[in-house]
1. In the range 543-607, what trypsin sites (Lys or Arg not before Pro) fall in a loop by DSSP, with at most 11 other Cβ atoms inside 10 Å?
2. If you average the alpha carbon positions of the range 814-848 and of the range 89-142, how far apart do those two centres end up, in angstrom?
3. Hey, got the dipole for the range 340-504? About the Cα centre, +1 on K and R Cβ, -1 on D and E Cβ, debye to the nearest 20?
4. Under 8 Å for C-alpha pairs, at least 6 residues apart: give me the relative contact order for the chain, rounded to a whole percent.
5. Report the charge-dipole magnitude of the chain in Debye, nearest 20, computed about the Cα centre from +1 at each Lys and Arg Cβ and -1 at each Asp and Glu Cβ.
6. How far apart, in nm, are the 7 Å Cα→Cβ label points at residue 350 and residue 681?
7. log10 I(q)/I(0), Debye, Cα-only the chain, no solvent, q = 0.06, 0.08 Å⁻¹?
8. Given 737, 108, 387, which one lies farthest toward the positive end of the charge dipole of the chain, if we put +1 on the Cβ of every Lys and Arg and -1 on the Cβ of every Asp and Glu?
Amino acid sequence: MEGKKEFWQRSRVELFRDLESSESGLTADQAARRLEQYGPNELREEGRKSVARIFLEQYADFLVIILILAAAVSAVLGDVESTIVILVVITMNAILGTVQTVKATASLDSLRQMSAPTAKVLRDGHLIQIPGRDVVPGDVVALEAGDAVCADGRLLECASLKCAESALTGESLPVEKELGEIAGEVPLGDRKNMVFSGSFVTYGRGQFLVTGTGMQTEMGKIAALLKSTEEKKTPLQVSLDQFGRKLSIGILIICAAIFAVSVFLRKEDVVNAFVFAVALAVAAIPEALSSIVTIVLSFGTQKMARENAIIRKLQAVEGLGSVSVICSDKTGTLTQNKMTVKALYTGGKIIRAEEADFRDPVQEPLLRTALLCSDATVDEHGEVGDPTETALVRLGEDYGFDELATRSKWPRITEIPFDSDRKMMSTVHQLSGGLLMATKGAVDVLLDRCVISDEERAQVEAANERFSSQGLRVLAFACRTVTSPAVSLADENGLTLLGLIAMMDPPRPESKKAVAECIAAGIRPIMITGDHKVTAAAIAKEIGILTEGTEAVEGAVIDKMSDEELQAFVPKVSVYARVSPEHKIRIVRAWQERGSLVAMTGDGVNDAPALKQADIGVAMGVTGTEVAKDAAGMVLTDDNFATIVQAVKNGRNVYANIKRSIQFLLSGNAAAIITVLYASLLALPVPFAAVHLLFINLLTDSLPAIALGLEPHTDAVMREKPRPREEGILTRDFLTSVVVEGAVIAAAVITAFHLGLSAGGAALGSTMAFATLCLSRLFHGFDCKSARPVLLTRRFWDNRFLLGAFAVGVVLLGAVLLIPPLEPLFQVAALSAGQVGIIVGLSFGSMLVIQLLKALLHGKRA
Ligand code: ATP
């Protein structure tokens, strides 16, 4: 495919010839063959980790390495058995860690796939939508405002096309594209007849012939320099890492002290003392916190994806838990976006839709203009296009006004497309005698551009008011003659008003409940819409967003306000109407400055900055543009407000589950440390062997910690206020409960230790201490389910993963204690039935005490 000339220098004919393609695109066969030849249209990810590498990385912990070295030294000195056991335990832990990491990565990959962009390509002469990765050289791809450009290519068609290419050139302003060859060597930014993968269409329409895909694109050339898309750590992970580091230093000091006491005061064997000190450090340092967070978050995203919310950034899951303001579009998100025309206003009269009549010379121009000025099509195959417009076209069809016949009788010559900033659009049609411009748009916008008497204007406004107060969406229609088809924005003036059409867009049935749920959860729902204030207010009232004491305002109201004034004003407002994308940014910022965490929806090209500004940008998956999706943290596959609320609920539950896992890990570790410190201070023998601590921490503890991360979600989280923005997990209350619960478990372990010591000496004492610590921690998993007691409630049984983790833990512990050949390996002494009974009793007892404490502090039932 190497031509002598560069792609931007070739003629159209040369391009089609060289790329073996045509105006009607490739055939399905050709495309399939080329996909095989060139591979998928994807950037190869550099530095993607293999499973083997992930496995090895599990060992790349400083302490684990020290431990292996220490174990190796002790093996050289003769204690081969415990070395083998330590290595086996560490390896099993590494396998567990690898499985979790691979699963979490796979689930994040599948999410990425779900939100991957699609492309509209011509295949066999038909425009079809395919995944961007299936695009091949020679494909003809259609572009419109909001699309992501999926490959490099040369433009075949270009209608006011503008592309943002900052990812490639750093140039922040969109580049205006054009057709025609460009001679000579020009830099990328000047190849205006080409489009490039990684850029976005910000305006206009176009079509291009794909010249390069995947690594053969300009993006591919620089992608080699880019890092792979590794997830950034979430704020929670960062704060846990910081906490972990501080805690580690404390633990290392304790371990060093214990080592010193053993060697210098108790004259113990240096190697043994060292192995023990390192094992204690490995056991007590919560190095798994941050990875537990990744695992639980990524599982949470799977559930959310099944419930129509695709998370694009892991931080969003965490953030969702503390969202306190949700700003939502109206049309399509809170409402169904299924429009039906209810009434017309023309010739000074309101006419119900059922009574509309095309034969009436007063109504005919209005009805005809509605059809001509709409891009939507309605035929036997269904409806294509914007619902507002399909409603208008359907109106004609319903009354025997043939769409095709009308369109061919008054063919469209040019147009000024709809734009939500202008809130109107115009089309120019050929009449026998000249050119007619048809314009439709928001009533207030259009009235200012019509030639109209004050009296008539008052009447129109009254009709508009009457429609709007019923929650109807009203559009005005106007026309004028023009002399040249080259119309500009300035021509949308001096119009003759034809009338109004009012449409019904009923609220989604689930919106009302979702709004109520939001309010109960301490979250403020706010409607932000391009629609008319009265219409928006009527709908907002119906679904419960506009409540006593709050108001509906027009976006223009905030134009005059300073940022400080706006900050004081936003709490009073529940509905913003006639809003522009700039207003959205200011509203988000004002709430954020008040300390709120804001979720904001958006779909258009111009919404991207507001979506980025919001803490959680929410893009519409169905009606949204690729630009909006790219800027968002979450994409709704059903464009539904109720889905955002459900995602918040999931976010809160995921956060609660992370908290449970962390509580479980930290309090268990605290128990081990307290016991060891106790024995050390009282100059008792060491309560655990190194393998005991490793066994518990690396094996029997990991499964319950993950299981707690998968606790079933509850509705109860939606009865609490949002978590304050700045509040971390590690609050004083949280750490207090960690220490208290750790102390209770330690008390049980110490009791077992003493009983063992007095009955059979150090070996039995340490066996009983180990078994009690292990079993208590398994029971403790159930404590961590809730701040309230769960024993004797259904809650106790509702997490099958936790029940499974408990069972696996008990079996492993049972095997170590009761299978005689394992006894020397794990340094356990044989136990009598009575001693087993004591261990079970003490462990269960520790759970009873913690449950009782919870009952005293937080009420009786879960
Ligand atoms: P939301 O912002 O809640 O999605 P919306 O659909 O009303 O509501 P926009 O799409 O920005 O928001 O539309 C703004 C206004 O422009 C509408 O209220 C309507 O008056 C007018 N309008 C919408 N669609 C068209 C159209 N296809 N042609 C002409 N005017 C339109």
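All of the numbers you see were taken from the coordinates with simple rules; none came from a lab. Please read these numbers as outputs of a predicted model, since none were measured by experiment. Because the Cβ atoms are built from the backbone with ideal geometry, glycine has one as well, and the counts that use them run over all protein chains shown.
1. Here the trypsin sites (Lys or Arg not before Pro) that fit, given the DSSP loop and packing criteria, are 560.
2. 49 Å
3. 240 debye
4. 11 percent
5. 2740 debye
6. That separation, rounded to one decimal, is 8.2 nm.
7. For the chain at q = 0.06, 0.08 Å⁻¹, log10 I(q)/I(0) is -0.55, -0.84.
8. 737
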